[in-house]
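Reviewing the structure listed below.
The values are calculated or read from the model by the stated rules, or taken from the named source; none is laboratory data. No experiment lies behind these values; they were computed from the predicted model shown. Cβ coordinates were reconstructed from backbone atoms using ideal geometry, including for glycine residues, and neighbour counts include every protein chain displayed.
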Amino acid sequence: MDRNIVIVVSAMNMGGAQTVVSILSNYWSKNGYRITLISTFSGERTNHYKLSKNVVLKYLSDNPFSVKSKLLNLFWKFFHLRRLIKSLNPDLVISFLTRVNVASVLATIGIKSRIIICERTWPPFLTLNDNLYWMYRLLFKVVDRIIVQTDKSKIWLGENFPDSNVAVIPNPIIYPLPSNNLQFIPPNGVISRDRKVILASGRLHRFKQFDMLINAYDRIKDKYLDWDLIILGEGEERDALSRLIFRLGLSDRIYCPGSVGNISEWYERADLFVLSSILEGFPNVLLEAMAHGLPSISFDCDTGPRDMIQDGVNGVLVNPREKELGLQNAMEKMISDDKYRHTIASNSILSRDKYAVGNVMKEWDRILDI
């Protein structure tokens, strides 16, 4: 059957939701469905992912008459979104990320298309005012399904949005990872071949706690002189992290080359992966690292890592309350015990099949009945 699907997302910049959107779009397009991808953020028209030539990409426009008024611009974009969806007449509208989800549900009221919203944060709807949950409960009654990544998110929604129809679908993983449209930085251009690499990756944001990782590494650097730390990504914390690295005298041991389009090469070059986040939904970088056979350490935050890692079997979970000391101890054990590290690495590769695109997409097709 020729399905017509519209997917709405904020922008196709780097991010976990955007990665999933690109996989869904390409997979369904390959299967003959008509896929239109609508980006709501008019200020970011850069697409960091390789999309099939059959995927139609559209952007909402700003209000040309009142650029300075944020409220008027918001209404303009909302009506643009509604007009677009009506003109496309899709069988199914799938929306990602909280604010976009609210706009998409409002924009489809009175339109016959089925509406699916996908929540990626913990807890779900984190950015909504909880005093207005009564209103959102009424609004989301028209939603066909809410898709989340973990059982804990499903339980939370059952308690806070009891009328919602919730399904759990984890993120898929592509292996080997395709390159994207970011800059290519070869690992050997940053660090010499004889060095061991502890790798971290993500947006340079305070929730990622890269400062804590740097401090934990500082505690072990003199004991393991052949191990360096590399942090991939960009964000608002770059200057603060650079100052911390300089203050600790670690400019020749810690490298922050930025965001890269060839991250698969970095996973293959690394010897250990560390996720130091205090908050995650379902971290793609951890899943990617494990699929590449990297022994991985992660804080056991409320959702995400514990859904992927069986502690001591295919990775290591650290109690977040242990902070730097917990990361330090976990890194020391991994680095000092080659047999343990290699066993963890071998087991982590199994995630490659568990979260393979074909397996996860079967679940999408089953739940959405397409």
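Of all residues in region 344-370, those satisfying the criterion of being more than 30 Å from ILE117 (Cβ to Cβ) and assigned to a helix (DSSP H, G or I) are ILE344, ALA345, SER346, ASN347, SER348.
Under the condition of being in contact (Cβ under 8 Å) with a residue 12 or more places away in the chain and within 24 Å of the chain's Cα centre (by Cα), the residues counted in region 124-139 number 5. Scanning region 183-205 for residues that are aliphatic (A, V, I, L, M) and either exposed (fewer than 15 other Cβ atoms within 10 Å of the Cβ) or within 16 Å of the chain's Cα centre (by Cα) (or both) yields a total of 2.
Candidates in region 266-287 are the residues that are modelled with pLDDT under 95 and not aliphatic (A, V, I, L, M); of these, the one that is nearest to LYS323 (Cα to Cα) is GLU280.
Against the condition free of Cβ contacts under 8 Å to residues at least 24 places away in the same chain and not hydroxyl-bearing (Ser, Thr, Tyr), how does ASN347 come out, does it pass? No; evaluated as a whole, the condition is false for this residue.
When ASN171 is tested against the conditions (1) under 27 Å from ILE349 (Cα atoms); (2) of a type in the set (S, T, N, Q); (3) touching a helix residue (DSSP H, G or I) at 6+ places or on another chain (Cβ under 8 Å); (4) surrounded by fewer than 15 Cβ atoms within 10 Å (Cβ to Cβ), the lone failure is (4). Taking region 290-343 as the range and being assigned to a strand (DSSP E or B) and closer than 15 Å to ALA200 by Cβ as the test, the residues that pass are SER296, ILE297, SER298, PHE299, GLY315, VAL316, VAL318.
The set of residues in region 80-97 that are part of a helix (DSSP H, G or I) and at pLDDT below 95 contains only HIS80. In the set (1) more than 20 Å from GLU280 (Cα to Cα); (2) assigned to a loop (DSSP other than H, G, I, E, B); (3) in contact with a Phe, Trp or Tyr (Cβ under 8 Å, 6 or more places away or on another chain), the condition left unmet by LEU128 is number (1).
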